[in-house]
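Novice: Take this structure, written in structure tokens, and hold onto it; I'll ask about it next.
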Amino acid sequence: MLGTILNAAGILIGGIVGLVITRQPSPATQFAAKGLMGVGTVFIGLRLTWLNLNGSSLQILKQITIILLTLILGKLAGRFLHLQKASNRLGQYARTRVAQTKPGDSQRFSDGFNTCALLFCAGPLAIIGAVSDGLSGNWQPLAIKAVMDGLATMGFVSIFGWGSMLSALPVFAYQGTITLCVQQLGPFLRDHALLNSVNATGGLLVFCVALIILELKRIELADYLPSLVFAPLITSLWR
């Protein structure tokens, strides 16, 4: 669970830094940090996909076709389940709580805990990263999330106080549970040659996160989460 540990640590470190410093980073610094995160996420996502494509050129073409079909079916299933709409509602609720919180509000502590826990757990990268960490020990996607959550916590502590730092606990419990659960599936998927398709699909989803960070394209990423389930199913059927 290295990725989840890093994520929880990133939230705590970001909160401590936010309490210590007297002013937020300049827009230029924030822009540079966003660019570095975006480039790092591109590298991690594409590397994860590339390392899980193997065999002859024809086999790689078949694997890419399976991944694309997986993403299409995942998108259709996610739209049917309204996953992105649910994620948007949670995000809107969190933004409303941020806007309504005042410095002397007696509910500031609990609002900070609830708001940050929702934001950090509801994002698609929490699931993608935890699955990748559990199946193959690829902690890098959650390391990117750790940086993102840490930077967000730096800003939240100025609004909610140190209550926002305690959101590291539900993040650790939520992502850790996912990681431990999918670890049980790892040997089965590996023995039946189904693991590579899941990892490759996850890598492309991580790459999509980079497009969102860099503001190159708006992607309804939550709707694609069922792709992680379709990947081994389609691979098993297409043999």
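Bear in mind that the values in this text are calculations on the coordinates, not laboratory data. Please read these numbers as outputs of a predicted model, since none were measured by experiment. We place every Cβ from the backbone using ideal geometry, glycine too, and count neighbours over all the protein chains shown.
Novice: Once phi is turned into ³J(HN,Hα) by the Karplus curve 6.51 cos²θ - 1.76 cosθ + 1.60 with θ = phi - 60°, what whole-Hz value does each residue of the stretch 108-123 show in order, with x for glycine and proline?
Specialist: Calculated HN-Hα couplings, in order: 4, 5, 5, 4, x, 4, 5, 5, 5, 4, 5, 5, 6, 8, 7, x Hz.
Novice: From the gyration tensor of the Cα coordinates in the stretch 88-210, what semi-axes in whole Å does the equivalent ellipsoid have, largest first, with each one equal to sqrt(5λ)? Write down the numbers at each step before the final one.
Specialist: Working: eigenvalues 216, 35, 24 Å².
So the equivalent ellipsoid measures 33, 13, 11 Å along its semi-axes.
Novice: Treating only the Cβ atoms of Lys and Arg (+1) and Asp and Glu (-1) as charged, compute the dipole magnitude of the stretch 69-163 about its Cα centre; round to the nearest 20 debye.
Specialist: 360
Novice: Right, another one. How much length would be gained if the chain were fully extended between ALA99 and LEU46, taking 0.36 nm per residue of separation minus their Cα-Cα distance, in nm to one decimal?
Specialist: That pair, ALA99 and LEU46, stretches by 15.4 nm at full extension.
Novice: Hey, what do the phi angles of the stretch 11-22 turn into as Karplus ³J(HN,Hα) couplings, whole Hz, using 6.51/-1.76/1.60 and θ = phi - 60°, x for Gly and Pro?
Specialist: Whole-Hz 3J(HN,Hα) from phi for the stretch 11-22: 5, 5, 5, x, x, 5, 4, x, 6, 7, 6, 8.
Novice: For the stretch 12-86 and the stretch 129-204, what is the separation of their Cα centres, given in Å?
Specialist: 12
Novice: Now a separate question. Say we join alpha carbon atoms closer than 10 Å with springs in a Gaussian network model of the chain; which of PRO170, PRO27, PRO226 then has the biggest fluctuation?
Specialist: Its mean-square fluctuation being the largest, the pick is PRO27.
Novice: A further question on this structure: Against the 2.2 N^0.38 Å scaling, with N counting residues, where does the stretch 1-127 land? I'd like the Cα-based Rg ratio to two decimal places. Before the final figure, lay out each step's value.
Specialist: Values: Rg = 19.7 Å, N = 127, 2.2 N^0.38 = 13.9 Å.
The reported ratio for this selection is 1.42.
Novice: Can you compute the helix-only [θ] at 222 nm over the chain? Use -39500 (n - 2.57) per DSSP H run of at least 4 residues, normalise by all residues, nearest 500 deg cm²/dmol.
Specialist: Helix contribution divided over all residues of the chain: -26000 deg cm²/dmol.
Novice: To check my understanding: the extent here is largest minus smallest coordinate of the Cα atoms along each principal axis. What are those three numbers for the stretch 54-135, in Å, largest first?
Specialist: Here the spans come out as 64, 27, 15 Å, largest first.
Novice: Excluding ALA222 itself, what net charge comes from residues whose Cβ is under 13 Å from its Cβ, given Lys and Arg +1 and Asp and Glu -1?
Specialist: Working: positive: LYS75, ARG79, LYS85, ARG89, ARG218; negative: GLU220, ASP223.
With Lys, Arg at +1 and Asp, Glu at -1, the net is +3.
Novice: Per residue of the stretch 74-80, in order, report the coupling 6.51 cos²θ - 1.76 cosθ + 1.60 (Karplus, θ = phi - 60°) as ³J(HN,Hα) in whole Hz, putting x for Gly and Pro.
Specialist: x, 4, 4, 5, x, 5, 5
Novice: Counting only pairs 8 or more residues apart or on different chains, how many lysine pairs in the chain have their Cα atoms under 24 Å apart?
Specialist: Lysine pairs meeting both conditions in the chain amount to 9.
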